[in-house]
Amino acid sequence: MKASATNLNQTPLAEYIVERCKKGDVRAFRELYDAYSAAMYNICLRMTNNVSDAEDTLQEAFIQVHRSIHKLEKESSISAWIKRIVVNHCLNTLRKKKVYFEDVEDVEIKAEEGIDEAQFTWTVAAVKSAIHTLPQGYRTVLNLYLFEEYSHREIAEMLGITESTVKTQYMRAKEKVRQIVKQQNVTR
Amino acid sequence: MPDNFESFIRQHREEFEEKGPSPRVWDALEQELTVGRKGKVVSLLQKNWFKAAVIVVLMANAAALFYFTRHREHQQQELAVIAPDIQEAGVYYTTRINEKLQQINAYPDAALGLDSTARKELALRNDTYKALERELKNNPGNERIRAAMVRYYQLKLDLLDKILEELQQKHVAPGNTKKHYEAEI
(Lines give C-alpha, C1' and ligand atoms only; values in the text may rest on other atoms or scores of the structure.)
Protein backbone atom coordinates (compact mmCIF):
# COMPACT_ATOMS: atom_id res chain seq x y z
CA MET A 1 0.00 0.00 0.00
CA LYS A 2 2.83 2.34 0.82
CA ALA A 3 4.32 1.66 -2.59
CA SER A 4 1.09 2.59 -4.36
CA ALA A 5 0.92 5.84 -2.40
CA THR A 6 4.43 6.71 -3.51
CA ASN A 7 3.69 5.80 -7.11
CA LEU A 8 0.52 7.81 -7.22
CA ASN A 9 2.07 11.01 -5.94
CA GLN A 10 2.33 13.74 -8.61
CA THR A 11 1.56 11.50 -11.54
CA PRO A 12 -0.97 12.25 -14.28
CA LEU A 13 -3.15 9.53 -12.75
CA ALA A 14 -3.02 11.28 -9.38
CA GLU A 15 -3.96 14.58 -10.98
CA TYR A 16 -6.85 12.90 -12.76
CA ILE A 17 -8.06 11.28 -9.54
CA VAL A 18 -7.79 14.54 -7.63
CA GLU A 19 -9.67 16.41 -10.33
CA ARG A 20 -12.46 13.85 -10.18
CA CYS A 21 -12.50 14.08 -6.38
CA LYS A 22 -12.85 17.84 -6.67
CA LYS A 23 -15.96 17.24 -8.76
CA GLY A 24 -17.44 15.11 -5.98
CA ASP A 25 -16.81 11.70 -7.55
CA VAL A 26 -17.02 9.22 -4.64
CA ARG A 27 -15.42 6.43 -6.69
CA ALA A 28 -12.41 8.62 -7.34
CA PHE A 29 -12.24 9.37 -3.64
CA ARG A 30 -12.23 5.64 -2.99
CA GLU A 31 -9.22 5.34 -5.31
CA LEU A 32 -7.46 8.08 -3.40
CA TYR A 33 -8.31 6.38 -0.13
CA ASP A 34 -7.05 3.02 -1.40
CA ALA A 35 -3.76 4.60 -2.45
CA TYR A 36 -3.06 6.39 0.81
CA SER A 37 -5.08 4.78 3.60
CA ALA A 38 -2.50 2.15 4.58
CA ALA A 39 0.39 4.61 4.87
CA MET A 40 -1.80 7.13 6.67
CA TYR A 41 -3.22 4.48 8.97
CA ASN A 42 0.32 3.60 10.01
CA ILE A 43 0.94 7.22 10.96
CA CYS A 44 -2.26 7.20 13.03
CA LEU A 45 -1.31 3.92 14.67
CA ARG A 46 2.17 5.14 15.61
CA MET A 47 0.86 8.44 16.90
CA THR A 48 -2.22 7.30 18.82
CA ASN A 49 -0.74 3.97 19.88
CA ASN A 50 -3.98 2.00 19.59
CA VAL A 51 -6.03 0.54 16.76
CA SER A 52 -9.38 2.04 17.70
CA ASP A 53 -8.11 5.63 17.98
CA ALA A 54 -6.03 5.14 14.85
CA GLU A 55 -9.05 4.08 12.80
CA ASP A 56 -11.25 6.86 14.15
CA THR A 57 -8.56 9.43 13.50
CA LEU A 58 -7.98 8.12 10.00
CA GLN A 59 -11.68 8.39 9.25
CA GLU A 60 -11.88 11.96 10.53
CA ALA A 61 -8.77 12.91 8.60
CA PHE A 62 -10.15 11.55 5.34
CA ILE A 63 -13.41 13.41 5.89
CA GLN A 64 -11.26 16.53 6.12
CA VAL A 65 -9.39 15.51 2.97
CA HIS A 66 -12.72 15.14 1.19
CA ARG A 67 -13.92 18.54 2.38
CA SER A 68 -10.73 20.37 1.58
CA ILE A 69 -9.58 18.72 -1.62
CA HIS A 70 -10.77 21.67 -3.68
CA LYS A 71 -8.05 23.71 -1.95
CA LEU A 72 -5.29 21.38 -3.12
CA GLU A 73 -3.21 23.14 -5.73
CA LYS A 74 -1.98 21.34 -8.80
CA GLU A 75 1.72 21.62 -8.01
CA SER A 76 1.33 20.43 -4.41
CA SER A 77 2.39 16.99 -3.32
CA ILE A 78 -0.78 15.03 -2.63
CA SER A 79 0.87 12.68 -0.16
CA ALA A 80 2.49 15.51 1.81
CA TRP A 81 -0.82 17.36 1.88
CA ILE A 82 -2.82 14.33 3.07
CA LYS A 83 -0.08 13.42 5.52
CA ARG A 84 -0.18 16.85 7.12
CA ILE A 85 -3.95 16.62 7.55
CA VAL A 86 -3.56 13.16 9.10
CA VAL A 87 -0.81 14.29 11.47
CA ASN A 88 -2.89 17.31 12.55
CA HIS A 89 -5.81 15.02 13.28
CA CYS A 90 -3.55 12.70 15.27
CA LEU A 91 -2.37 15.65 17.35
CA ASN A 92 -6.00 16.67 17.90
CA THR A 93 -6.78 13.14 19.07
CA LEU A 94 -3.90 13.36 21.54
CA ARG A 95 -5.02 16.77 22.78
CA LYS A 96 -8.51 15.37 23.36
CA LYS A 97 -6.82 12.80 25.54
CA LYS A 98 -5.23 15.62 27.51
CA VAL A 99 -1.76 15.09 26.12
CA TYR A 100 0.01 18.44 26.24
CA PHE A 101 3.36 19.39 24.85
CA GLU A 102 5.38 21.78 26.96
CA ASP A 103 8.83 23.25 26.82
CA VAL A 104 11.46 21.60 28.98
CA GLU A 105 14.80 22.84 30.23
CA ASP A 106 17.55 22.51 27.70
CA VAL A 107 19.74 19.98 29.47
CA GLU A 108 22.38 17.86 27.93
CA ILE A 109 21.36 14.26 27.58
CA LYS A 110 24.08 11.83 28.39
CA ALA A 111 23.97 8.29 27.14
CA GLU A 112 23.54 5.85 29.96
CA GLU A 113 26.81 4.33 30.92
CA GLY A 114 27.20 0.72 30.08
CA ILE A 115 24.94 0.78 26.97
CA ASP A 116 27.14 -0.68 24.35
CA GLU A 117 24.97 -1.10 21.29
CA ALA A 118 27.41 -3.54 19.80
CA GLN A 119 26.57 -5.89 22.66
CA PHE A 120 22.90 -6.28 21.86
CA THR A 121 20.74 -6.96 18.84
CA TRP A 122 18.34 -4.48 17.34
CA THR A 123 15.18 -6.12 16.04
CA VAL A 124 12.11 -4.51 14.53
CA ALA A 125 9.87 -6.18 17.09
CA ALA A 126 12.05 -4.99 20.00
CA VAL A 127 12.17 -1.40 18.73
CA LYS A 128 8.42 -1.36 18.07
CA SER A 129 7.74 -2.66 21.52
CA ALA A 130 10.11 -0.12 23.07
CA ILE A 131 8.52 2.80 21.20
CA HIS A 132 5.08 1.54 22.23
CA THR A 133 6.00 1.86 25.89
CA LEU A 134 7.48 5.38 25.62
CA PRO A 135 5.70 8.26 27.35
CA GLN A 136 3.34 9.96 24.86
CA GLY A 137 5.42 13.14 24.50
CA TYR A 138 8.62 11.27 23.69
CA ARG A 139 6.83 8.94 21.32
CA THR A 140 5.21 11.80 19.42
CA VAL A 141 8.46 13.63 18.84
CA LEU A 142 10.35 10.45 17.94
CA ASN A 143 7.66 9.34 15.47
CA LEU A 144 7.39 12.72 13.79
CA TYR A 145 11.14 12.99 13.37
CA LEU A 146 12.21 9.45 12.65
CA PHE A 147 9.22 7.93 10.86
CA GLU A 148 7.38 10.90 9.37
CA GLU A 149 10.63 12.70 8.58
CA TYR A 150 9.63 16.17 9.71
CA SER A 151 12.44 18.50 10.76
CA HIS A 152 12.88 19.60 14.37
CA ARG A 153 11.64 23.03 13.37
CA GLU A 154 8.48 21.67 11.71
CA ILE A 155 7.76 19.52 14.75
CA ALA A 156 8.26 22.50 17.04
CA GLU A 157 5.70 24.48 15.02
CA MET A 158 3.20 21.62 15.04
CA LEU A 159 3.46 21.07 18.79
CA GLY A 160 3.79 24.71 19.75
CA ILE A 161 7.07 24.20 21.61
CA THR A 162 10.62 25.34 20.96
CA GLU A 163 12.98 23.61 18.59
CA SER A 164 15.37 23.00 21.45
CA THR A 165 12.62 21.22 23.43
CA VAL A 166 11.98 19.02 20.41
CA LYS A 167 15.66 18.11 20.20
CA THR A 168 15.83 17.38 23.91
CA GLN A 169 12.68 15.25 23.82
CA TYR A 170 14.00 13.37 20.84
CA MET A 171 17.33 12.63 22.50
CA ARG A 172 15.56 11.44 25.64
CA ALA A 173 13.21 9.29 23.59
CA LYS A 174 16.10 7.63 21.77
CA GLU A 175 17.92 7.03 25.03
CA LYS A 176 14.82 5.48 26.54
CA VAL A 177 14.41 3.17 23.56
CA ARG A 178 18.02 2.07 23.89
CA GLN A 179 17.52 1.27 27.57
CA ILE A 180 14.36 -0.73 26.91
CA VAL A 181 15.90 -2.69 24.05
CA LYS A 182 18.99 -3.37 26.16
CA GLN A 183 16.75 -4.60 28.99
CA GLN A 184 14.95 -6.89 26.55
CA ASN A 185 18.34 -8.28 25.44
CA VAL A 186 19.36 -8.92 29.03
CA THR A 187 16.16 -10.72 29.97
CA ARG A 188 16.17 -12.81 26.81
CA MET B 1 25.23 11.80 11.86
CA PRO B 2 22.81 8.93 12.38
CA ASP B 3 23.58 6.57 15.25
CA ASN B 4 22.98 2.85 15.25
CA PHE B 5 19.39 3.25 16.30
CA GLU B 6 18.56 5.74 13.56
CA SER B 7 20.42 3.72 10.97
CA PHE B 8 18.54 0.60 12.01
CA ILE B 9 15.18 2.34 11.64
CA ARG B 10 16.07 3.70 8.20
CA GLN B 11 17.33 0.35 6.96
CA HIS B 12 14.24 -1.49 8.18
CA ARG B 13 11.72 1.29 7.58
CA GLU B 14 9.35 -0.88 5.51
CA GLU B 15 9.26 -3.59 8.16
CA PHE B 16 7.77 -1.14 10.63
CA GLU B 17 4.66 -0.78 8.49
CA GLU B 18 1.52 -2.61 9.58
CA LYS B 19 -1.19 -3.65 7.17
CA GLY B 20 -3.89 -1.11 6.36
CA PRO B 21 -7.02 -0.22 8.31
CA SER B 22 -10.00 -2.54 8.61
CA PRO B 23 -12.77 -2.21 5.99
CA ARG B 24 -15.02 -0.64 8.61
CA VAL B 25 -13.11 2.63 8.20
CA TRP B 26 -14.09 3.01 4.56
CA ASP B 27 -17.65 1.83 5.29
CA ALA B 28 -18.04 4.49 7.97
CA LEU B 29 -16.32 7.06 5.80
CA GLU B 30 -18.53 6.34 2.81
CA GLN B 31 -21.62 6.59 4.97
CA GLU B 32 -20.37 9.87 6.40
CA LEU B 33 -19.69 11.26 2.95
CA THR B 34 -23.12 10.29 1.68
CA VAL B 35 -24.90 11.58 4.79
CA GLY B 36 -22.71 14.68 4.69
CA ARG B 37 -23.77 15.34 1.16
CA LYS B 38 -27.48 14.87 1.92
CA GLY B 39 -27.09 16.83 5.14
CA LYS B 40 -25.41 19.63 3.28
CA VAL B 41 -28.27 19.92 0.83
CA VAL B 42 -30.86 19.73 3.58
CA SER B 43 -29.03 22.23 5.75
CA LEU B 44 -28.59 24.57 2.82
CA LEU B 45 -32.29 24.35 2.14
CA GLN B 46 -33.07 24.95 5.79
CA LYS B 47 -30.72 27.86 5.96
CA ASN B 48 -31.86 29.43 2.74
CA TRP B 49 -35.45 28.33 2.59
CA PHE B 50 -36.65 31.86 2.48
CA LYS B 51 -34.40 32.72 -0.41
CA ALA B 52 -35.54 29.52 -2.11
CA ALA B 53 -39.13 30.59 -1.58
CA VAL B 54 -38.45 33.99 -3.11
CA ILE B 55 -36.77 32.31 -6.05
CA VAL B 56 -39.94 30.25 -6.51
CA VAL B 57 -41.97 33.47 -6.55
CA LEU B 58 -39.63 35.04 -9.05
CA MET B 59 -39.79 31.95 -11.24
CA ALA B 60 -43.57 31.92 -10.99
CA ASN B 61 -43.62 35.57 -11.94
CA ALA B 62 -41.27 34.97 -14.83
CA ALA B 63 -43.37 32.02 -15.97
CA ALA B 64 -46.52 34.11 -15.80
CA LEU B 65 -44.90 36.91 -17.80
CA PHE B 66 -43.51 34.45 -20.32
CA TYR B 67 -46.90 32.79 -20.65
CA PHE B 68 -48.50 36.15 -21.06
CA THR B 69 -46.08 37.70 -23.55
CA ARG B 70 -45.85 34.53 -25.60
CA HIS B 71 -49.57 34.64 -26.23
CA ARG B 72 -49.82 38.38 -26.55
CA GLU B 73 -50.50 38.34 -30.25
CA HIS B 74 -53.01 35.64 -29.84
CA GLN B 75 -54.66 37.56 -27.00
CA GLN B 76 -55.12 40.66 -29.11
CA GLN B 77 -57.07 38.58 -31.60
CA GLU B 78 -59.32 37.35 -28.82
CA LEU B 79 -60.31 40.67 -27.31
CA ALA B 80 -63.95 40.37 -27.96
CA VAL B 81 -64.56 37.43 -25.64
CA ILE B 82 -67.02 37.38 -22.76
CA ALA B 83 -66.69 39.92 -19.90
CA PRO B 84 -64.54 38.60 -17.07
CA ASP B 85 -65.70 37.82 -13.57
CA ILE B 86 -62.09 38.12 -12.49
CA GLN B 87 -63.00 40.95 -10.10
CA GLU B 88 -64.79 38.57 -7.79
CA ALA B 89 -61.86 36.13 -7.70
CA GLY B 90 -59.53 39.09 -7.28
CA VAL B 91 -61.35 40.31 -4.17
CA TYR B 92 -61.29 36.83 -2.65
CA TYR B 93 -57.61 36.20 -3.26
CA THR B 94 -56.52 39.72 -2.41
CA THR B 95 -58.20 39.52 0.99
CA ARG B 96 -56.57 36.20 1.79
CA ILE B 97 -53.15 37.26 0.50
CA ASN B 98 -53.26 40.46 2.53
CA GLU B 99 -54.14 38.48 5.67
CA LYS B 100 -51.13 36.23 5.16
CA LEU B 101 -48.86 39.15 4.41
CA GLN B 102 -49.96 40.86 7.62
CA GLN B 103 -49.10 37.75 9.61
CA ILE B 104 -45.72 37.45 7.93
CA ASN B 105 -44.94 41.12 8.40
CA ALA B 106 -45.54 40.74 12.13
CA TYR B 107 -42.31 38.75 12.31
CA PRO B 108 -39.13 40.71 12.90
CA ASP B 109 -36.80 41.24 9.94
CA ALA B 110 -34.20 38.95 11.51
CA ALA B 111 -36.65 36.04 11.54
CA LEU B 112 -37.50 36.64 7.90
CA GLY B 113 -33.95 37.17 6.74
CA LEU B 114 -35.13 39.07 3.66
CA ASP B 115 -33.76 42.20 2.12
CA SER B 116 -36.00 44.98 0.86
CA THR B 117 -36.03 43.69 -2.73
CA ALA B 118 -37.17 40.28 -1.65
CA ARG B 119 -39.80 41.75 0.64
CA LYS B 120 -41.07 43.89 -2.25
CA GLU B 121 -41.34 40.75 -4.34
CA LEU B 122 -43.54 39.14 -1.71
CA ALA B 123 -46.00 42.06 -1.74
CA LEU B 124 -49.26 41.56 -3.58
CA ARG B 125 -48.84 44.35 -6.05
CA ASN B 126 -45.41 43.50 -7.38
CA ASP B 127 -44.30 44.18 -10.96
CA THR B 128 -45.80 40.98 -12.30
CA TYR B 129 -49.14 41.76 -10.73
CA LYS B 130 -49.11 45.28 -12.15
CA ALA B 131 -48.28 44.02 -15.64
CA LEU B 132 -51.06 41.46 -15.51
CA GLU B 133 -53.54 43.99 -14.12
CA ARG B 134 -52.68 46.46 -16.87
CA GLU B 135 -53.17 43.86 -19.56
CA LEU B 136 -56.39 42.71 -17.99
CA LYS B 137 -57.79 46.23 -18.14
CA ASN B 138 -56.82 46.51 -21.77
CA ASN B 139 -58.06 43.02 -22.62
CA PRO B 140 -60.85 42.36 -20.14
CA GLY B 141 -62.23 39.30 -21.83
CA ASN B 142 -59.02 37.46 -22.55
CA GLU B 143 -59.16 34.00 -21.00
CA ARG B 144 -55.40 33.52 -20.97
CA ILE B 145 -54.78 36.71 -19.06
CA ARG B 146 -57.53 35.82 -16.62
CA ALA B 147 -56.03 32.37 -16.15
CA ALA B 148 -52.57 33.87 -15.66
CA MET B 149 -53.96 36.29 -13.06
CA VAL B 150 -55.76 33.55 -11.12
CA ARG B 151 -52.66 31.36 -11.29
CA TYR B 152 -50.60 34.25 -9.99
CA TYR B 153 -52.96 34.66 -7.02
CA GLN B 154 -52.91 30.94 -6.27
CA LEU B 155 -49.13 30.66 -6.45
CA LYS B 156 -48.67 33.65 -4.22
CA LEU B 157 -51.16 32.33 -1.69
CA ASP B 158 -49.51 28.88 -1.66
CA LEU B 159 -46.12 30.41 -1.19
CA LEU B 160 -47.23 32.68 1.64
CA ASP B 161 -48.83 29.66 3.35
CA LYS B 162 -45.56 27.76 3.11
CA ILE B 163 -43.59 30.69 4.46
CA LEU B 164 -45.97 31.06 7.39
CA GLU B 165 -45.80 27.36 8.10
CA GLU B 166 -41.99 27.49 8.19
CA LEU B 167 -42.00 30.59 10.36
CA GLN B 168 -44.39 28.97 12.82
CA GLN B 169 -42.20 25.87 13.01
CA LYS B 170 -39.01 27.82 13.55
CA HIS B 171 -40.24 30.69 15.71
CA VAL B 172 -42.98 31.31 18.21
CA ALA B 173 -45.77 33.26 16.49
CA PRO B 174 -45.19 36.93 17.31
CA GLY B 175 -48.56 37.42 18.94
CA ASN B 176 -48.14 34.32 21.10
CA THR B 177 -44.75 35.15 22.51
CA LYS B 178 -46.05 36.55 25.77
CA LYS B 179 -48.58 33.79 26.27
CA HIS B 180 -45.88 31.22 25.62
CA TYR B 181 -43.63 32.62 28.32
CA GLU B 182 -46.52 32.99 30.73
CA ALA B 183 -47.44 29.36 30.19
CA GLU B 184 -43.88 28.35 30.97
CA ILE B 185 -43.80 30.38 34.20
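The alpha carbon radius of gyration of the stretch A:117-187, expressed as a multiple of 2.2 N^0.38 Å, is 1.15.
Computed on the stretch A:2-96, with alpha-carbon pairs under 8 angstrom and 6+ residues apart, the relative contact order is 33 percent.
On a 20 Å Cα-Cα criterion, which of the cross-link pairs A:Lys23/A:Lys71; A:Lys174/B:Lys19; A:Lys96/A:Lys174; B:Lys130/B:Lys156; A:Lys22/A:Lys96; A:Lys22/A:Lys83 come out too long? Walk me through the numbers before you get to the answer.
Working: A:Lys23/A:Lys71 12 Å; A:Lys174/B:Lys19 25 Å; A:Lys96/A:Lys174 26 Å; B:Lys130/B:Lys156 14 Å; A:Lys22/A:Lys96 30 Å; A:Lys22/A:Lys83 18 Å.
Check vs 20 Å cut-off fails for A:Lys174/B:Lys19; A:Lys96/A:Lys174; A:Lys22/A:Lys96.
Chains A and B together bury roughly 3000 Å² of accessible area, counting both sides, with a 1.4 Å probe on protein heavy atoms only. For the residues of B:11-17, the average number of beta carbons from a partner chain within 10 Å of their own beta carbon is 5.
Do any GluC sites (Glu not before Pro) in the stretch A:50-98 lie in a loop, going by DSSP, with at most 13 other beta-carbon atoms within 10 Å of their beta carbon, and if so which? In loop regions of the stretch A:50-98 (DSSP not H, G, I, E or B), the sparsely surrounded GluC sites (Glu not before Pro) are A:Glu73, A:Glu75. Peptide A:143-154 has a mean of 1 when you count, residue by residue, the C-beta atoms of other protein chains within 10 Å of its C-beta.
With a 10 Å cut-off around each Cβ of A:62-72, the average count of Cβ atoms from other chains is 2.
The values are calculated or read from the model by the stated rules, or taken from the named source; none is laboratory data. It should be emphasised that the depicted structure is a prediction, and the values quoted were computed from it without experimental measurement. Positions of Cβ are backbone-derived with ideal geometry, glycine not excepted, and every protein chain shown enters the neighbour counts. Just so you know, the surface numbers come from the protein's heavy atoms only, side chains and all, with ligands and any DNA or RNA stripped out. Shrake-Rupley method; radii C 1.70, N 1.55, O 1.52, S 1.80 Å.
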